[in-house]
Amino acid sequence: MIKILEPLEIKGLIINNRIILQSMALGMADEKGLVTENIKDYYSNFAKMPLGAIILEHHYINISGKDSIGQLAIDSDECIKGLSEIANTIHKNGIACGVQINHSGSLTNSSITGVKIIGPSSILHPKGTEIPKEMSTVEINNIKKDFRKAAMRVKKAGFDFVEINGCHGYLLNQFISPLTNARLDEYGGIRANRIKLPIEIVKEIREEVGEDFLIFYRIAADDNMENGITIDDAKYLAVKLVDAGIDVLNVSQGLSGSKPAINQQGFFVHLAEGIKSVVSIPVITAGGISDAIFAHQVIKDGKADIVGVGRAILEDDNWVRKAIQQLRSLKE
């Protein structure tokens with residue numbers, strides 16, 4: 001059996017194969033951030049593909065963290081109904097699924113949020129357009145509560161897991177990076193302090209959803225900027241995240257965003273391999289992967305346990321079927 005086609009069990013959840021749909025922002029929510037018929041249609045189509053799992057796009061946990069027009073929300077119980085319909089559709093096809101939750105911090109702007117943007121410090125984000133307000137301790141505690149409530153809504157909607165977005169320059173990445181965090185309190189300064197908020201959020205969510213519900217974390221493994229976080233910092237964080245209750249680590253980049261300067265498939269595989277070397281839980285890799293044989297080799301070589309594919313699937317409805325057919329023709 002080709003390993004990438006083998007099922008994977010994580011705390012009782014069966015993922016049918018090691019190819020998953022990575023979260024991709026569709027930008028089709030209504031003005032309140034609620035699920036629309038177009039979104040339902042998109043995920044209904046994804047659910048017909050022989051995927052191991054589907055991770056829904058990032059949802060904002062609070063209006064202050066809304067990233068873009070058309071982004072889905074998970075900031076109130078009103079969001080549960082539409083999401084539960086998507087979960088039911090995906091599950092009818094025997095596919096595991098989860099929702100990514102996020103706060104954009106200083107990477108958004110007030111024209112989108114309608115409120116003053118916030119961040120760990122009053123520092124312009126490298127990819128931002130406005131200087132944020134430094135978050136108070138009260139605001140930090142409120143964000144923890146927002147993440148906690150959002151995770152419970154994911155569970156109530158019937159999904160199998162929640163994924164916390166801690167990468168691509170968003171709020172949790174901003175707290176971890178010394179480029180955006182110059183705080184002088186317990187959430188700033190040394191590395192152990194800068195990872196404090198993500199760790200606290202994981203613990204809050206674990207307490208809220210219980211031990212059986214899976215928690216994924218999309219980890220920033222490298223800011224790819226001078227004086228930013230490096231793979232060594234990410235390894236340190238990864239170990240702490242596992243101790244706090246994370247079940248799966250989804251490895252990506254930090255402040256530089258979702259793509260490196262050199263656009264070649266598998267551009268985050270080396271980072272996933274680094275994270276996998278220090279943890280025993282499943283690790284997801286991604287990064288422009290579009291070739292089934294390449295994906296197979298990544299899993300075969302032990303560089304990751306799961307491969308996330310996004311744009312290739314969005315561009316070709318038959319990509320997964322063709323990939324599986326190609327992989328089954330291999331002689332191992």
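For the stretch 123-159, which residues satisfy the criterion of being of a type outside the set (D, E, K, R), in a loop (DSSP other than H, G, I, E, B) and touching a residue at least 60 places away in the same chain (Cβ under 8 Å)?
Going residue by residue through the stretch 123-159, those that are of a type outside the set (D, E, K, R) are 123-126, 128-129, 131-132, 135-138, 140-143, 147, 150-152, 154, 157-159.
If we keep only those that are in a loop (DSSP other than H, G, I, E, B) as well, we get 123-126, 128-129, 131-132, 135-136, 157-159.
Matches in the stretch 123-159: His125, Pro126, Ala157, Gly158, Phe159.
Could you go through the stretch 293-308 and let me know if any residue there is β-branched (Val, Ile, Thr), under 13 Å from Gln22 (Cβ atoms) and in contact (Cβ under 8 Å) with a residue 40 or more places away in the chain. Let's see the steps before the verdict.
So in the stretch 293-308, the residues β-branched (Val, Ile, Thr) come out as 293, 298-299, 306-307.
Filter once more, keeping what is under 13 Å from Gln22 (Cβ atoms): 306-307.
Next, only the ones that are in contact (Cβ under 8 Å) with a residue 40 or more places away in the chain stay: 306-307.
Within the stretch 293-308 (the criterion being β-branched (Val, Ile, Thr), under 13 Å from Gln22 (Cβ atoms) and in contact (Cβ under 8 Å) with a residue 40 or more places away in the chain), the answer is yes, since at least one residue qualifies.
Before we move on, is Val115 more than 23 Å from Glu200 (Cα to Cα), modelled with pLDDT of 95 or more and surrounded by fewer than 21 Cβ atoms within 10 Å (Cβ to Cβ)?
Working: more than 23 Å from Glu200 (Cα to Cα): yes; modelled with pLDDT of 95 or more: yes; surrounded by fewer than 21 Cβ atoms within 10 Å (Cβ to Cβ): yes.
Taking the combined requirement at face value, the residue satisfies it.
Would it be correct to say that Glu37 is surrounded by fewer than 23 Cβ atoms within 10 Å (Cβ to Cβ), without any contact (Cβ under 8 Å) to a residue 40 or more places away in the chain and of a type outside the set (Lys, Arg)?
Working: surrounded by fewer than 23 Cβ atoms within 10 Å (Cβ to Cβ): yes; without any contact (Cβ under 8 Å) to a residue 40 or more places away in the chain: yes; of a type outside the set (Lys, Arg): yes.
Yes, satisfied.
Please list, ordered by first then second residue, the pairs with beta carbon atoms under 6 Å, 6 or more apart or interchain, first in the stretch 41-55 and without any contact (Cβ under 8 Å) to a residue 60 or more places away in the chain, second basic (Lys, Arg) and in a loop (DSSP other than H, G, I, E, B).
none
Between a residue in the stretch 102-122 that is at positive phi and any residue that is in a loop (DSSP other than H, G, I, E, B) and basic (Lys, Arg), which pairs come within a Cβ distance under 9 Å, given they are 6 or more apart or on different chains?
Close Cβ pairs (under 9 Å, with a partner that is in a loop (DSSP other than H, G, I, E, B) and basic (Lys, Arg)) amount to Gly114/Lys66.
Within the bounds of the stretch 2-11, is there any residue that is over 24 Å from His125 (Cβ atoms), within 20 Å of the chain's Cα centre (by Cα) and surrounded by 15 or more Cβ atoms within 10 Å (Cβ to Cβ)?
There is at least one residue in the stretch 2-11 that is over 24 Å from His125 (Cβ atoms), within 20 Å of the chain's Cα centre (by Cα) and surrounded by 15 or more Cβ atoms within 10 Å (Cβ to Cβ).
What's the number of the only condition in (1) free of Cβ contacts under 8 Å to residues at least 60 places away in the same chain; (2) surrounded by 17 or more Cβ atoms within 10 Å (Cβ to Cβ); (3) in a loop (DSSP other than H, G, I, E, B) that Gly27 fails to meet?
(2)
Just one of the numbered conditions (1) touching a Lys or Arg at 6+ places or on another chain (Cβ under 6 Å); (2) among the aliphatic types (A, V, I, L, M); (3) farther than 20 Å from Arg194 by Cα is not true of Ile118; which one?
Evaluating Ile118 over (1) touching a Lys or Arg at 6+ places or on another chain (Cβ under 6 Å); (2) among the aliphatic types (A, V, I, L, M); (3) farther than 20 Å from Arg194 by Cα leaves (3) as the failure.
Return yes or no: is Leu241 part of a helix (DSSP H, G or I) and modelled with pLDDT of 95 or more?
Details: part of a helix (DSSP H, G or I): yes; modelled with pLDDT of 95 or more: yes.
In short, yes.
Hey, any hits in the stretch 290-313 for a residue that's part of a helix (DSSP H, G or I) and among the charged types (D, E, K, R)? Spell out the reasoning first.
Here is the first cut: in the stretch 290-313, the ones part of a helix (DSSP H, G or I) are 292-300, 311-313.
This time we only want the ones that are among the charged types (D, E, K, R), so: 300, 311.
Within the stretch 290-313, one or more residues are part of a helix (DSSP H, G or I) and among the charged types (D, E, K, R).
List the residue pairs whose Cβ atoms are under 7 Å apart, where the first residue sits in the stretch 64-89 and is under 19 Å from Leu172 (Cα atoms), the second is of a type in the set (Lys, Arg) and buried (at least 22 other Cβ atoms within 10 Å of the Cβ), and the two are 6 or more positions apart or on different chains.
Matching pairs, first to second residue: Ile74/Arg153.
Go through the stretch 179-221 and report how many residues are in a loop (DSSP other than H, G, I, E, B), out of contact with any Lys or Arg (no Cβ under 6 Å at 6 or more places or on another chain) and of a type outside the set (A, V, I, L, M, F, W, C).
Summing the residues that are in a loop (DSSP other than H, G, I, E, B), out of contact with any Lys or Arg (no Cβ under 6 Å at 6 or more places or on another chain) and of a type outside the set (A, V, I, L, M, F, W, C) in the stretch 179-221 gives 9.
If you go through the stretch 259-289 one residue at a time, how many are of a type outside the set (Ser, Thr, Tyr) and either in a strand (DSSP E or B) or farther than 29 Å from Lys240 by Cβ (or both)?
Going residue by residue through the stretch 259-289, those that are of a type outside the set (Ser, Thr, Tyr) are 259-276, 278-279, 281-284, 286-289.
Then keep just the ones that are either in a strand (DSSP E or B) or farther than 29 Å from Lys240 by Cβ (or both); that gives 261-265, 283-284.
The total comes to 7.
The values are calculated or read from the model by the stated rules, or taken from the named source; none is laboratory data. The structure displayed is predicted, hence computed values, not measured ones. Quick reminder, even Gly has a Cβ in these numbers, built from the backbone with ideal geometry, and neighbours come from all protein chains shown.
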